[in-house]
1. Looking only at the range 255-276, count how many residues are in contact with a helix residue (DSSP H, G or I) (Cβ under 6 Å, 6 or more places away or on another chain) and either in a helix (DSSP H, G or I) or among the basic types (Lys, Arg) (or both).
2. Name the single residue, out of those in the range 198-231 being farther than 17 Å from MET99 by Cβ, modelled with pLDDT of 95 or more and surrounded by 13 or more Cβ atoms within 10 Å (Cβ to Cβ), that is farthest from the chain's Cα centre (by Cα).
3. Which is surrounded by 12 or more Cβ atoms within 10 Å (Cβ to Cβ) and either of a type outside the set (S, T, N, Q) or at pLDDT 95 or above (or both), of GLU75, GLU51?
4. So ARG194 passes all but one of these: (1) part of a strand (DSSP E or B); (2) charged (D, E, K, R); (3) surrounded by fewer than 16 Cβ atoms within 10 Å (Cβ to Cβ); (4) in contact (Cβ under 8 Å) with a residue 60 or more places away in the chain. Which condition number does it fail?
5. Looking at this structure, is VAL30 surrounded by 15 or more Cβ atoms within 10 Å (Cβ to Cβ) and either in contact (Cβ under 8 Å) with a residue 12 or more places away in the chain or over 17 Å from the mean Cα position of the chain (by Cα) (or both)?
6. Which one of the conditions (1) assigned to a loop (DSSP other than H, G, I, E, B); (2) in contact with a helix residue (DSSP H, G or I) (Cβ under 8 Å, 6 or more places away or on another chain) does TYR252 fail to meet, given that it meets all the rest?
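The values are calculated or read from the model by the stated rules, or taken from the named source; none is laboratory data. These numbers were taken from a predicted model, which means no experiment stands behind them. Positions of Cβ are backbone-derived with ideal geometry, glycine not excepted, and every protein chain shown enters the neighbour counts.
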Amino acid sequence: MSQAWIKWTTGWLLGGCLLAGLGGCFDYSVDLSLAETGRGTLEVSLDLPVEAASGQDIAHLDTIVLPVPTRERAERDGRLTVREQTSFDFLDDLAARRMIIRLDEIGTGIVGLGDYAYRLTATMEMAEGDLPDREVLPGVELEKRQVKPEVEDLAARRARELRARSLAGHHLTFAVTLPGRVETARPLILGHSRVEATTSRGGARVEWKVPLAVLFNENWRSTLTFSLDFKGYTTFRSYEQKYAASHHPDAYDEALARGENPPGGRKRYLELHPQRNR
């Protein structure tokens, strides 16, 4: 799956809200859980107005590719909720659109005793359509980041304030449950704004809840990076391994997710179908 396709999909989804007069209409959450065995689960939820998704390929709303998730789509009171859930044996088995999750072992304690130390980093790509102030149609050339004027006239300032108010109560959320306790959860710095992480369950759960109004007011276009350090224990695929990371799906992953069994493995499939991996 190419980066351009990922960004086009994101732009269509979130830009569509604006085009339908529904700017800031969505809530998007990612919930990761890791265990001492190396196993884990990933749950993704998207809630948006039915009008924003009508007439489009509903598969564009999916985030998880492998391991193949269970999916549930429900409509209620004019809202469409898309839920996905998968479980994996190790983090490097996970293929998901828009995000990369990486876990590094960064310490083993004093002479190998005590809890191990780890750093978990999750990056979530942003595209022009990720903001409710998009002014171009989804799928066309991305807008360049617009620098906010130093001085806004009264009408422009009033319009911005009204739009920001319309985003109240809508969030982009990343949460993780750890096989240990968090030591440091770094704040998300977005321009002049700061989004702090919250912890619960004795430090075993960390959550960043990013208001869409902050993304709008900061005119944010860059990748979101969530980062924390924790002490505990988990297992990698091999004994020598010191990190594991998910990956963006390529054409071979997409084929496996469709239930195909391409002969010759990944390398051979990508050689035979180069256009599918653009």
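1. Taking the range 255-276 as the starting set, the residues that turn out to be in contact with a helix residue (DSSP H, G or I) (Cβ under 6 Å, 6 or more places away or on another chain) are 262, 266, 269-270, 273, 276.
Remaining after also requiring either in a helix (DSSP H, G or I) or among the basic types (Lys, Arg) (or both): 266, 269-270, 276.
Total meeting the criteria: 4.
2. The initial filter retains those residues of the range 198-231 that are farther than 17 Å from MET99 by Cβ, namely 198-205, 211-214, 216-219, 229-231.
If we keep only those that are modelled with pLDDT of 95 or more too, we end up with 198-205, 229-231.
Checking which are surrounded by 13 or more Cβ atoms within 10 Å (Cβ to Cβ) leaves us with 199, 203-205, 229-231.
Working: THR199: 19, GLY203: 22, ALA204: 20, ARG205: 17, ASP229: 19, PHE230: 21, LYS231: 24 Å.
If we take residues in the range 198-231 being farther than 17 Å from MET99 by Cβ, modelled with pLDDT of 95 or more and surrounded by 13 or more Cβ atoms within 10 Å (Cβ to Cβ), then LYS231 is farthest from the chain's Cα centre (by Cα).
3. Values: GLU75 fails: surrounded by 12 or more Cβ atoms within 10 Å (Cβ to Cβ).
Unique residue meeting the criteria: GLU51.
4. ARG194 satisfies every listed condition except (4).
5. Working: surrounded by 15 or more Cβ atoms within 10 Å (Cβ to Cβ): yes; either in contact (Cβ under 8 Å) with a residue 12 or more places away in the chain or over 17 Å from the mean Cα position of the chain (by Cα) (or both): yes.
Answer is yes for this residue.
6. (1)
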